[in-house]
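Every read-out reported here was derived from the displayed coordinates using simple, explicitly stated rules and does not represent laboratory data. This structure is a prediction, so every number in the text was calculated from the model and none was measured. No Cβ is skipped: glycine too gets one built from the backbone with ideal geometry, and neighbour counts run over all protein chains shown.
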Amino acid sequence: MTDRKFRVLVVDDSSFMRSLLSRLIAKHPQLEVIDTAENGMIAIEKVSSLRPDVVTMDVEMPVMSGIEALKQIMQHTPTPVVMISSLTEEGAKATLDALAIGAVDFLPKALEDASRNVATQAEIIHDKLLAAAQARVAGHRPASAPAAMATAPAAKPLAPTAPALQPLKARSPRTAAKILLIGSSTGGPKALEQLIPQLPAELRVPVVIAQHMPAHFTTAMANRLNTISKVSVREAVQGDTLQPGTVYIAPGSVHMEIHSLNGQPTVSIHEDHGESHFRPSVDILALSLEKIYGGSVLAVMLTGMGSDGTKGFVQLKSRGAYVVAQDEASCVVYGMPRAVKEAGAVDEVVSLADMAGAITALLK
């Protein structure tokens, strides 16, 4: 562990929540709450004067909302911001707006039982703030501390050497993939909002996505993507039969698997029973695909904290799947793509700007 501490500004109109969050954050040796603010206007002033490494920002506040404050901060003093959002449909929509504006991540809270809901997520709070402090935010130079990501380690290599990465122009013009799998976490919603609308309407395979998110948020994200995309985008439901040209987003807070039912690839949704700390899990979805598709999978790993998906991607790769990872420069947090790459399971590294073109060429 390094002695380096990350300076946190807590913004919330509730004095109770400011106090609770401050106490929980201070429990981690690498996090230090330097001040608090009760509304967005005060937050803007304190971000400018104190220059914190990361900010927690409530969405709904008097005088100036968290969304309005975020816009000003990203314009004048770009700083990693983690939004604090209610677990409602309205809260989900506001959070997606914040992520599109430039927030790094978000933490859900239940307003009717804020103490228990937030307190039981202390570890998640620490993980997200540590990752956010090192995230890439336009115009902001991320704090550097090698040990800060200790809570989200990259997976150990599972193969002796990584295969040589092919340059874009040398790629095979197509794969035999029958399905496209996308995994993402921190920074994922914004990355998906850039990627999915660029996919062609005539995409010949179905797309399944596991994005770490709670319930309600994946519903809002699917609806948002569907309105701006050529392909059809929906939140998957139990019993869905996968269709080409349709994107199925795993529901938040649960796991999604794909099984063969009467010879058809079919969605299965289930609660977590200790299988994974992440919900929905990229690993669980990936491993289910390997059982029915073998290596006929194009697997794409986007920005995210930790190493969820590495086990599944390695298994898919061993069966002949083609694996693409987002490059470090375009990731908000280079955790999940790095873990897959270090495990020796990546065929190609692609920037987010080029990802849709790469996918389209591979599935041509």
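Ranked highest first by average number of other Cβ atoms within 10 Å, how do 234-244, 325-335, 38-48 line up?
On the way: 234-244: 15.3, 325-335: 23.2, 38-48: 19.5.
Ranked by mean Cβ neighbours within 10 Å, highest first: 325-335, 38-48, 234-244.
In terms of packing, defined here as the mean over residues of other Cβ atoms within 10 angstrom, the peptides 303-311, 20-28 line up highest first as 303-311, 20-28.
Within the chain, all pairs of alpha-carbon atoms sorted by distance into 20 Å bins from zero give the percentages 31, 57, 12, 0. Pairwise alpha-carbon distances in region 6-148 exceed 20 Å for 38% of all pairs. The order of the peptides 71-77, 294-300 by mean Cβ neighbours within 10 Å, most packed first, is 294-300, 71-77.
Between the Cα long axis of helix 15-26 and the first principal axis of the chain there is an angle of about 60°, rounded to the nearest 10. Helix 282-293 and the longest principal axis of the Cα set of the chain meet at an angle near 10°. Under a Gaussian network description of the chain, with springs only between Cα atoms under 10 Å, the residue in R136, R338, R224 that fluctuates furthest is R224. The angle between the Cα long axis of helix 217-228 and the main principal axis of the chain comes to about 70°, on a 0 to 90 degree scale. For I84, the amide hydrogen comes within under 5 Å of the amide hydrogens of M57, D58, V59, L107, counting only partners 5 or more places away or on other chains and with H modelled in the peptide plane.
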